[in-house]
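A short worksheet on the structure shown next.
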Amino acid sequence: RRPRTQLLLPLPPEPLQVGGQGIDAPRLIVRGPWLLLLWREGGRRQRLLFWPDVLDSGQRRELRLAVAARSVSRRARSMAP
C-alpha cells in the first residue's frame, strides 16, 4: 500500500539508491520467491519486500549480485552466488 519506490543499482563502489538516497550496508534475505532488502537510515531500520511477480529472474539475480558486491560478509562464501 506504499507508493512505488525507485531502486537504482549503480556499479560499485557507488552505493545502492532507494528513492534517490544512497544506502549503506544493504542486506538481502531470500525466502523462496520473496526478496527482502534491509538497510539502516538515520538509526532506523528500513526494508523493501519484493513479491514474486515484481522482478523477473534476471532482475532478481542482478539485485542479489549488487547487494553481495557491497555487503560486508562475516564469513567467506562457500560457492558463487
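Go through the range 27-46 and give me each residue that's free of Cβ contacts under 8 Å to residues at least 24 places away in the same chain, over 9 Å from the mean Cα position of the chain (by Cα) and not in a loop (DSSP other than H, G, I, E, B).
R31, W34, R40, E41, R44, R45, listed by residue number.
Among the numbered criteria (1) of a type in the set (D, E, K, R); (2) at pLDDT below 90; (3) not in a strand (DSSP E or B), which single criterion is violated by D24?
Checking D24 against (1) of a type in the set (D, E, K, R); (2) at pLDDT below 90; (3) not in a strand (DSSP E or B), the one that fails is (3).
Among (1) among the charged types (D, E, K, R); (2) part of a loop (DSSP other than H, G, I, E, B); (3) at pLDDT 85 or above, where does R60 come up short?
Condition not satisfied by R60: (2).
Out of everything in the range 15-28 that is surrounded by fewer than 15 Cβ atoms within 10 Å (Cβ to Cβ) and in contact with a Lys or Arg (Cβ under 9 Å, 6 or more places away or on another chain), what residue ends up being nearest to A69 (Cα to Cα)?
For the range 15-28, the residue satisfying everything is A25.
For L55, which of the numbered conditions (1) surrounded by 14 or more Cβ atoms within 10 Å (Cβ to Cβ); (2) within 20 Å of R1 (Cα to Cα); (3) at pLDDT 90 or above fails to hold?
All conditions are met except number (3).
The values are calculated or read from the model by the stated rules, or taken from the named source; none is laboratory data. Bear in mind that the values here come from a model prediction, so they are computed numbers and not experimental data. Positions of Cβ are backbone-derived with ideal geometry, glycine not excepted, and every protein chain shown enters the neighbour counts.
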